[in-house]
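The block underneath contains the structure these notes are about, expressed in structure tokens.
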Amino acid sequence: WLAPMAGYTDRAFRHLCKEYGADVMVSEMVSADGLVRNTKKTLPYILFDGLERPFGIQIFGSEPYILAKAAELCLAWNPDFIDLNMGCPAKKVVRKGAGAALMKNPVLAAEIVREMKAVLDKGCFLSAKFRSGWDFKSINYLDFGLRLQDAGADFLCLHPRTQSQMFSGTANWTHIAELKKQLSIPLIGNGDIQTPEDALRMYEETKCDSVMIGRGALGKPWIFQQIHQLEKNNDYTPASRQLILETMLRHIDMATHFKPESVAVKELRSQLCFYTKGIIGGAELRQAINHAVSAEQIKELIKSCEGLKF
């Protein structure tokens, strides 16, 4: 799975990851309140096409009625599943009682799942993504996961960090293994998958049903292809300079296809920097991209980078 990441997993990046073998796509996080109040404004975040299937729309919020209404509205786009975000640790999200803040209120979380499930069609599944707990003093992923299962969730995803950890420290894969033993519905593991070997190790250590890759795919969309190669052949093809160069150029073309060039150029600055890590002249290239004003200018900068010549 490609994990939903606000500001990164837009249609261009999802298409790119799909080309490289990612199996399941999820939208960027969408506000349930925004969907209910102004569907047109939030529409760009939930649009997808058949190439991205199976596809899920991820929504966040804190009120059962609003989340159920938002889920019902999403059915118009015929997603394969709706994903409830209960793991986002960002302050602007948890301040509103949403995201990882729901880890502090498992009764409310279960009520939300029940109300959302009640409005979904049989063909549209409901999933939930959550964390190990709010902090190290309140690790409650086991009870939380079982409550969501009982409330009607079709499958779950666990990122085994606490909200207080944000994205620091190490993901505790033991939590995934423990929850998997208790559940009767599928569980997706997420956290600290940076290499194809990490993905297979998570499968082996946790027995999870699938793995979700977030930050480990940024600047490395080919990681999905490498995982499939490693599973099948016990080996995989490392990324070459040619692959990195061609993928960066492809990413630019996709970004400008789905968005106005002025918007795409600004957003590409953060996306493209991940590709440049560890290459000769990478720091200089990143600085130059940050000052570029057109897609063509960015392409020329990339082509002229010493570390990407082959």
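Taken over the range 260-310, the criterion of being within 20 Å of Tyr8 (Cα to Cα), open to solvent by 60 Å² or more (accessible area, probe 1.4 Å) and assigned to a loop (DSSP other than H, G, I, E, B) is satisfied by Pro260, Lys277, Asn290, His291, Val293. Within the range 124-164, the set of residues being under 10 Å from Met103 (Cα atoms), surrounded by fewer than 19 Cβ atoms within 10 Å (Cβ to Cβ) and among the hydrophobic types (A, V, I, L, M, F, W, C) comprises just one member, Ile139.
Scanning the range 78-108 for residues that are open to solvent by 70 Å² or more (accessible area, probe 1.4 Å) and closer than 20 Å to Ala6 by Cα returns Lys91, Lys92, Arg95, Lys96. Quick check on my filter: what residues within the range 165-194 are open to solvent by less than 50 Å² (accessible area, probe 1.4 Å) and polar (S, T, N, Q)? Within the range 165-194, Gln165, Asn190 qualify.
For the range 109-123, give me the residue count where each residue is within 24 Å of Pro44 (Cα to Cα) and open to solvent by less than 10 Å² (accessible area, probe 1.4 Å). Of the residues in that region, 1 qualify. The conditions of being touching a Cys at 6+ places or on another chain (Cβ under 8 Å), open to solvent by 20 Å² or more (accessible area, probe 1.4 Å) and at pLDDT 95 or above are not met by Asp23. Any chance the range 55-62 includes a residue that's open to solvent by 40 Å² or more (accessible area, probe 1.4 Å) and without any contact (Cβ under 8 Å) to a residue 40 or more places away in the chain? No, the range 55-62 contains no residue that is open to solvent by 40 Å² or more (accessible area, probe 1.4 Å) and without any contact (Cβ under 8 Å) to a residue 40 or more places away in the chain.
So Lys91 fits all but one of (1) at pLDDT 95 or above; (2) out of contact with any Ser or Thr (no Cβ under 8 Å at 6 or more places or on another chain); (3) not hydroxyl-bearing (Ser, Thr, Tyr); what number is the exception? Only one criterion in (1) at pLDDT 95 or above; (2) out of contact with any Ser or Thr (no Cβ under 8 Å at 6 or more places or on another chain); (3) not hydroxyl-bearing (Ser, Thr, Tyr) is unmet by Lys91, namely (1). Inside the range 77-102, residues that are in a helix (DSSP H, G or I), in contact with a strand residue (DSSP E or B) (Cβ under 8 Å, 6 or more places away or on another chain) and among the small types (Gly, Ala, Ser) make up a count of 2. Is one or more of the residues making up the range 207-222 without any contact (Cβ under 8 Å) to a residue 60 or more places away in the chain and in contact with a strand residue (DSSP E or B) (Cβ under 8 Å, 6 or more places away or on another chain)? Scanning the range 207-222, I find at least one residue that is without any contact (Cβ under 8 Å) to a residue 60 or more places away in the chain and in contact with a strand residue (DSSP E or B) (Cβ under 8 Å, 6 or more places away or on another chain), so the answer is yes. Among the residues making up the range 86-109, those that are within 22 Å of Val26 (Cα to Cα) and touching a helix residue (DSSP H, G or I) at 6+ places or on another chain (Cβ under 6 Å) are Met86, Gly87, Cys88, Pro89, Val93, Val94, Gly99, Ala100, Ala101, Leu102, Ala109.
Only one of the numbered conditions (1) closer than 19 Å to Val26 by Cα; (2) touching a Ser or Thr at 6+ places or on another chain (Cβ under 7 Å); (3) touching a residue at least 40 places away in the same chain (Cβ under 8 Å) is not met by Ser132, and that is (1).
The values are calculated or read from the model by the stated rules, or taken from the named source; none is laboratory data. Everything numeric in this text was worked out from a predicted model, so none of it was measured. Cβ sites come from the backbone with ideal geometry, for glycine too, and all protein chains shown count toward neighbours. Just so you know, the surface numbers come from the protein's heavy atoms only, side chains and all, with ligands and any DNA or RNA stripped out. Shrake-Rupley method; radii C 1.70, N 1.55, O 1.52, S 1.80 Å.
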